[in-house]
Structures are given as structure tokens and as C-alpha cells.
Amino acid sequence: MNASALFGSLKGSPDGGSGGDGTLLPDPRMGSPMPWVIAIVIALTVIAAASGLALRNAATRADADLVGGVTVQIVSAAPADRNHQADAALAVLAHAPGVIEARRVAQSELEALLEPWLGTRLGDTVDDLPIPALIDLRLDGPATPARVAGLRAQIASVAPAARVDAQSGWLAPVFRAISTLQWLAGGLIALLAMATIAAVVLSARNALVTHRQTIEIVHMLGGTDAQIARVFQRTAAMDSALGGLLGLITGTIAIVVLGRQFSALGSGMVAGAALGLTDWLAIVMIPLAGVALAVLTARLTVLSALRRML
Amino acid sequence: MSEPDAEIVQFDNVGLRYGTEKEVLTDISFTLYPGRFYFLTGASGAGKTSLLKLLYLAQRPSRGLIRMFGTDAITLSRERLPGFRRRLGVVFQDFRLVQHLSAFDNVALPLRVAGVSEREILKPVTEMIDWVGLSDRSHARPATLSGGEQQRVAIARAVIARPDMLVADEPTGNVDPDMAMKLLQLFESLNRLGTTVVVATHDVHLIRKVPESLIMRLDKGRLSDPTGALRYPPRRTSSDIDRPPLGFVLP
């Protein structure tokens, strides 16, 4: 074989190709704890996200139930007068514009509502209690303060002891608390995302230091920053995918267990918090978002560090 | 390939200092032409390795002008550096082999970096490994190779992609005289194909083996060019390049 034959016509592309990145660097494991850290972060994110979604569902369901609801209380100590005013008010309200349903709450329902506080052995004494007569109204739209005021005005003459309140108003503090908890869940997710970024940055920097000499050699041979970064991105993707899967499984188990315990409470509001298909799809997307975040972070960290090398 | 006698490297009053130390290279001016064979000599500490670092773009000078392949190498953007480095083959004094890769993969590395497919890599790398006498060691990691074997792997890696310019820092320092001659023949063969070769060495015998070579001598960071051959080299025609290898046949 002569020299020409040895060298042949082989010539690398001077402008560079993508290169076989897989063999440029040893697998730059960003540290064996990386998948575990990602798993913990993803599990916590899954639980926080599921909590936020459940709270949103509960608030939406409760709001839908209550948005057009109005309660009329006839507060009178005299049972006869109370009944008289209640009947008169019901007669007016049943034909009031915008009212799609008007119903007087039965005495048995009132007693059932009071049962948790007063017990079942009330006997005749319940008649002696000045329990307000209740009228439950359903409006054809939201019970705005203006509409409530209008209803109040319509029955003022026939039922002066009436108190008219939008039902959503009773739960306003609960809605505010739910909203706060939702923000808290969002904040937790943001913090966990930052924790993921910090973990990936630290691991990538550590791996860069470990493999600095090899990176310099690859640079000297014409390797591009992008080629080197791709190796780190691939490792970040694998670590975060493994961690994400573990985290998703752990988080899902926690959600299911918590869900069962809450559903055992039998509360209507809790029942409305059940996660739907789209909620579960959003939860499944969390590990994928984690992988994307880890890969992007690894890329930016490595490229930033490489720019400081010649 | 560059046109004959169109300079491939041009240094003009180049100085280099590390930090606030005094200059290790001072007022270096020379021109390298394609297809020529240069020896860089000088005592230890004269600045040979520093000069080579400037040549293979591992270091930027403190002052002066450097043009490579017709482009200002000092203001070269980071994005264009890899393309220039792929036109260079470098034999480092300390070999700088990638420790996790086998001898074969180390030699194949410049091709992989350049995006050559695995199918095209196998044959030339196998032949090159065979040529440097490491066929039976091609799967060995550098840590298990002797100094001489590592040096041969480093040289094979430097020449495998047929660079426009080969820069070698003491490339025969760890091999026996027979292998040194064989490696020199490899450099000459590459040189005949048009590659500019720059070899830093103390070995006078090695220099004498290449009578057509031009000598660059460094003395305390300054380049001497007593014959003017570096600034005004004898003209070389295009027929000198790619000429038949004068009966030189590799085994």
C-alpha cells in the first residue's frame, strides 16, 4: 500500500457535520443521584399539581351549583307569622322575572340540616325554636347583588322579615381560601421547577469539570460546542426521563391514596374535586415537561461554560 | 487545497505572554506555505510549544497578527473555529488521548467529529492503525498502552483526516529509531499529498532525514531565520505537490 492509498480520498467536512456525538465523550453521568433527585421533584410536582387541579374542580363545581342560587330566610319568632310571610314571599317570587325555580325548604329538611348540632331527639321542642323558614330560589343567571336587591324589594311589602342572600356569598371565604391554595400549589410547582434547574445546573457543571480534558481534546479536533452539548443533553434527558417515570408513579400512588381517603369523607364539595381525564393528561405531561426543562437547562449550562473555553 | 505559494499561515510581529509574566514569544514573524515541511527547533523553554499552540489555535497571541488559510485567525469567531481546527492535525507532546476510548476510537475521533459516517470510518482507520503497527492493540485503552504506542495512536489521529496542516510537538520522542523513521515517512507521505507539516523536535538526525525541509529556530522566544528561507522561501510549483511518492511504498 502506498501513501496515497493509505490516505485515500478521505477528508472530513471542513465546515463540520453533526458528528457521531455518541462516542465523543464518555457518558457524562451527571451524578448517580440525579435520577433520584428528579424523581423526588417530579413526585412532589405531581402531588402539588393534582392538588391544584382538584381544588380548581371543587371550586368550579361549587360555583356552578351556587352561582344562580338565592336563599330567602324569613326570620320571625312567631311560627304563624313566619309561615304567613313565607307563603306570601313564595307566591311573589315564583312569578318574579328571572326565577326558574322557587321552592320552600321542607321542615324535615331543616331538621335534617340541624341534626348534626341539635341531635335526633328534639321531639316537639323543635317547634319552639325560632328556626327561619327558608325559600330556595334558582335564577336563570348569576345572582348578582343588583338582582338580589331587586328580589328583596319585590317581597319587602309581603315579607318584611325576609333576608335575601346569594348562596355564593356564603361560600365566598371558602372560594378565597381555595384560590389561595391554588396559588400556593402553583408557587410550589414553580419552586420545584427551580429546584430541578438548580440540580441540573450543578450536575452539569460537575460533569463539565470531570470531563474538561476530554472536552478540550474534542475542541482541538474541531468539535463544536453544539456537538459537546448534545452529549450532555442526552444524559440529562435519560436521567430526567428515568427520574420522571419514578416520580410519576410515586406521585400517582399518593394521589390515588389521598383521593380515596378524601372521597370517604362523603362531602359534596370533595366529590366535585375528582380529577377528570384532562387533569390526568396534564399530570402525565409533568415528567415530559421535566425532561424538556432538564435538557434545556443542561444545554444552556454547557454552552455557557464552553464559551469560556477557547 | 490552497494554491501553491499562497501562504497558509502568516505571523506578523506576534508576541505572547501568559498573564503578567514577560513575553515567552517576542516579535515572531514568518510565513508557512502549503505543501512544505518545516522543523521547529530550539532549546527547552525556547517557546516551541507556545508557538505550536498559536499554530493550532489553542491560544490567542497577546499582540501581533496571525492569518491562517487566508483569514485573520485572531478575530476569528467562535463559530468558525471548529472548521479551521478540522483543517489541522495536531500531535500533542503529552498525546492527549481520550482515556475512555480505544486506540481505534481515538484515531477515528477526528472523522466522527467531522461527521464522517461509521461505514466510511472503518477501512481508513483500520489501515492507519495497521500502518502504525497497532493492529493487535486497536481495542486497547490508552492507559494500557506504552508511551510509544500512545504516541503512535496520537500521530495516527492527527493524520487520519488528511489535514491541510500537521503540527507535531516532539512526535518521535517516545519511539525507537525504526519507528521514528517510519513515522517520519508517514509525515513525508502526507506532505507529498500537499499537507504542510510543522514538526517541533530536538532530534538533529530526524531533521537531516528531510533535506528539503525548512528550519525554524527559536531562541529565548525569538525566531531566527538566518537564511531568510522562512520569509522568502524558494518557489515551489504545483507539480511538486501530489507527485508520486518516489517509490515509497508502505507495507
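The values are calculated or read from the model by the stated rules, or taken from the named source; none is laboratory data. Computed from a predicted model, the values in this text were never measured in an experiment. No Cβ is skipped: glycine too gets one built from the backbone with ideal geometry, and neighbour counts run over all protein chains shown. All accessible areas refer to the heavy atoms of the entire protein, side chains included, with ligands and DNA or RNA removed. Shrake-Rupley method; radii C 1.70, N 1.55, O 1.52, S 1.80 Å.
Put simply, of B:R60, B:R85 the only residue that is farther than 11 Å from A:M220 by Cα, within 12 Å of another protein chain (Cβ to nearest Cβ) and at pLDDT 90 or above is B:R60.
Please work out if B:Q93 is within 22 Å of A:L306 (Cβ to Cβ), among the polar types (S, T, N, Q) and touching a residue at least 12 places away in the same chain (Cβ under 8 Å).
In short, no.
Residues in segment B:106-126 include at least one that is acidic (D, E), more than 19 Å from B:A168 (Cα to Cα) and within 10 Å of chain A (Cβ to nearest Cβ). Quick check, is B:D164 more than 10 Å from chain A (Cβ to nearest Cβ) and among the acidic types (D, E)? No, not satisfied.
For the residues A:R230, A:R205, the requirement of being within 14 Å of another protein chain (Cβ to nearest Cβ) and either charged (D, E, K, R) or touching a strand residue (DSSP E or B) at 6+ places or on another chain (Cβ under 7 Å) (or both) singles out A:R230. Please go through segment B:38-87 and give me each residue that is in a strand (DSSP E or B) and within 18 Å of the chain's Cα centre (by Cα), ordered by number. If the condition is that a residue be in a strand (DSSP E or B) and within 18 Å of the chain's Cα centre (by Cα), then B:Y38, B:F39, B:L40, B:T41, B:G42, B:I66, B:R67, B:M68 are the ones that fit. Residues that are touching a residue at least 12 places away in the same chain (Cβ under 8 Å), within 11 Å of chain A (Cβ to nearest Cβ) and open to solvent by 10 Å² or more (accessible area, probe 1.4 Å) are absent from segment B:42-54. For segment B:127-137: of the residues being of a type outside the set (K, R) and away from chain A (no Cβ under 13 Å), which is least open to solvent (accessible area, probe 1.4 Å)? Residue satisfying both the conditions and the ranking: B:L134. For segment A:131-161, a residue qualifies if it is more than 31 Å from the chain's Cα centre (by Cα), under 19 Å from A:G68 (Cβ atoms) and assigned to a strand (DSSP E or B), and the qualifying residues are A:L134, A:I135, A:D136, A:L137.
Pairing residues of segment A:208-227 that are more than 7 Å from every other protein chain (Cβ to nearest Cβ) with residues that are assigned to a helix (DSSP H, G or I) and not acidic (D, E), at Cβ distances under 6 Å and at least 6 apart in sequence or on separate chains, gives A:L208/A:A305; A:I215/A:I228; A:D225/A:L303; A:D225/A:L306. Of the residues contained in segment A:140-162, none is found to be within 14 Å of chain B (Cβ to nearest Cβ) and at pLDDT below 90.
State whether one or more residues within segment A:186-206 are assigned by TED's automatic domain parsing to the domain that holds A:I286, surrounded by fewer than 13 Cβ atoms within 10 Å (Cβ to Cβ) and under 30 Å from A:L93 (Cα atoms). Scanning segment A:186-206, I find no residue that is assigned by TED's automatic domain parsing to the domain that holds A:I286, surrounded by fewer than 13 Cβ atoms within 10 Å (Cβ to Cβ) and under 30 Å from A:L93 (Cα atoms), so the answer is no.
What do you reckon, is B:R162 touching a helix residue (DSSP H, G or I) at 6+ places or on another chain (Cβ under 6 Å), among the basic types (K, R) and either crowded, with 19+ Cβ neighbours inside 10 Å or more than 27 Å from B:A6 (Cα to Cα) (or both)? Walk me through it before giving the result.
On the way: touching a helix residue (DSSP H, G or I) at 6+ places or on another chain (Cβ under 6 Å): yes; among the basic types (K, R): yes; either crowded, with 19+ Cβ neighbours inside 10 Å or more than 27 Å from B:A6 (Cα to Cα) (or both): yes.
Criteria met by B:R162.
Within segment B:109-126, the residues that satisfy the criterion of being part of a helix (DSSP H, G or I) and either over 27 Å from A:V231 (Cα atoms) or open to solvent by less than 40 Å² (accessible area, probe 1.4 Å) (or both) are B:L109, B:P110, B:L111, B:R112, B:V113, B:I121, B:P124, B:V125. Of the residues examined, B:G19 is one that is in a loop (DSSP other than H, G, I, E, B), free of Cβ contacts under 8 Å to residues at least 12 places away in the same chain and not aliphatic (A, V, I, L, M).
Here is a yes/no grid of residues against (1) open to solvent by 90 Å² or more (accessible area, probe 1.4 Å); (2) out of contact with any strand residue (DSSP E or B) (no Cβ under 8 Å at 6 or more places or on another chain); (3) not aromatic (F, W, Y):
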site	(1), (2), (3)
A:N83	no, no, yes
A:A86	no, no, yes
A:V92	no, yes, yes
A:H95	yes, yes, yes
A:I100	yes, no, yes
A:R103	no, no, yes
A:S108	no, yes, yes
A:L113	yes, yes, yes
A:W117	yes, yes, no
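What is the number of the single condition among (1) surrounded by 14 or more Cβ atoms within 10 Å (Cβ to Cβ); (2) over 30 Å from A:L275 (Cβ atoms) that A:R138 does not meet? All conditions are met except number (2).
Surrounded by fewer than 21 Cβ atoms within 10 Å (Cβ to Cβ) and away from every other protein chain (no Cβ under 13 Å): does that describe B:R152? It is false that B:R152 is surrounded by fewer than 21 Cβ atoms within 10 Å (Cβ to Cβ) and away from every other protein chain (no Cβ under 13 Å).
Checking B:F39, B:F11, B:F92 one by one, the residue that is more than 14 Å from chain A (Cβ to nearest Cβ), open to solvent by less than 10 Å² (accessible area, probe 1.4 Å) and closer than 29 Å to B:V153 by Cβ is B:F39 and no other. Residues of segment A:37-76 that are outside any helix (DSSP H, G or I) and closer than 19 Å to A:A273 by Cβ: A:V67 alone.
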